[in-house]
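Asks: After the structure tokens below, expect a handful of questions from me.
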Amino acid sequence: MILGVVTYGHPVLREKGKRIEKITPEIQTLVANMLETMYDEHGVGLAAQQVGKALQLTVIDVRESKDRPSTLEIKGEPVDPTSIMPLVLINPKWTAVNEPVSAPEGCLSFPEIYADINRPETIDVTATNEKGETISFRCGGLLSRAIQHEHDHLHGILFIDRMEKGARKKIQQELEGLQYATKQAMKKGRRE
């Protein structure tokens, strides 16, 4: 089932997600619905907050992005990143392996808004997958960036929070318009 993606101005985007302690049928259904929603929206990642659920859950699939490559290592061995897609990360944690680099980012909760964001190029990741198994890997490129972006969502941090001041100032009017439209839609939804 395709879920609605909330946009900037919705309070759930600022909520820190609750840890998921058990993979229940409801969590499995949410994972399936989030994947379907992400594909429908042509995204490479989607966090639970973006579909109105404050949980430590994100889905990622970078297979369609041919112009921004990804790297993956499991137990120190290079692996084709497409072999683990789609990727479900529950209660993920990551640590930087190297220095931040700047690259463009967008977000399904910020339609048509893009900016260069500084993030570590390579990270080590540990999470639980949809089967309840612990997974650990090192990744770089777009996969690393997508995981960091979605991990931020799980903690109520938005990519606009990581923009340089000048870049954010340039899009401030767009952000205010989006926030206003979101709040109006929420008010209208409560009346109906």
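The values are calculated or read from the model by the stated rules, or taken from the named source; none is laboratory data. These figures come from a predicted structure and were not determined experimentally. Virtual Cβ from ideal backbone geometry, glycine too; neighbours counted across all protein chains shown.
Asks: How many residues does segment 1-33 contain that are within 16 Å of Gly132 (Cβ to Cβ), hydrophobic (A, V, I, L, M, F, W, C) and assigned to a helix (DSSP H, G or I)?
Replies: 4
Asks: Taking the stated definitions as given, is Leu175 out of contact with any strand residue (DSSP E or B) (no Cβ under 7 Å at 6 or more places or on another chain), surrounded by 14 or more Cβ atoms within 10 Å (Cβ to Cβ), assigned to a helix (DSSP H, G or I) and among the hydrophobic types (A, V, I, L, M, F, W, C)?
Replies: Yes; evaluated as a whole, the condition is true for this residue.
Asks: Which strands (runs of 3 or more DSSP E) sit wholly inside segment 36-86 and have at least 2 residues that are buried (at least 21 other Cβ atoms within 10 Å of the Cβ) and under 15 Å from the mean Cα position of the chain (by Cα)?
Replies: Where strands (runs of 3 or more DSSP E) fall fully within segment 36-86 and carry at least 2 residues being buried (at least 21 other Cβ atoms within 10 Å of the Cβ) and under 15 Å from the mean Cα position of the chain (by Cα), they are 45-47, 57-60.
Asks: Inspect segment 129-140 for any residue being within 17 Å of Val5 (Cα to Cα), in contact (Cβ under 8 Å) with a residue 24 or more places away in the chain and not charged (D, E, K, R) and give the result as yes or no.
Replies: No, because not a single residue in segment 129-140 is within 17 Å of Val5 (Cα to Cα), in contact (Cβ under 8 Å) with a residue 24 or more places away in the chain and not charged (D, E, K, R).
Asks: Restricting the search to segment 132-166, which residues are among the charged types (D, E, K, R) and at pLDDT 95 or above?
Replies: Hits for segment 132-166 are Glu133, Arg138, Arg145, Glu150, Asp152, Asp161, Arg162.
Asks: Still on this model: Could you list all residues from segment 107-149 that are in a helix (DSSP H, G or I), of a type outside the set (S, T, N, Q) and out of contact with any helix residue (DSSP H, G or I) (no Cβ under 9 Å at 6 or more places or on another chain)?
Replies: Hits for segment 107-149 are Arg145, Ala146, Ile147.
Asks: Follow-up. Yes or no: Ser144 surrounded by 14 or more Cβ atoms within 10 Å (Cβ to Cβ) and among the hydroxyl-bearing types (Ser, Thr, Tyr)?
Replies: yes
Asks: Given the conditions (1) free of Cβ contacts under 8 Å to residues at least 24 places away in the same chain; (2) surrounded by fewer than 17 Cβ atoms within 10 Å (Cβ to Cβ); (3) under 23 Å from Glu21 (Cα atoms); (4) not aromatic (Phe, Trp, Tyr), report the number of the one that Asp152 does not fulfil.
Replies: (2)
Asks: How many of the residues making up segment 1-33 are in contact (Cβ under 8 Å) with a residue 12 or more places away in the chain, closer than 22 Å to Phe159 by Cα and not basic (Lys, Arg)?
Replies: Total satisfying the criteria: 12.
Asks: Right, here's the next one. For Glu112, which of the numbered conditions (1) within 18 Å of the chain's Cα centre (by Cα); (2) modelled with pLDDT of 95 or more fails to hold?
Replies: All conditions pass for Glu112, except number (2).
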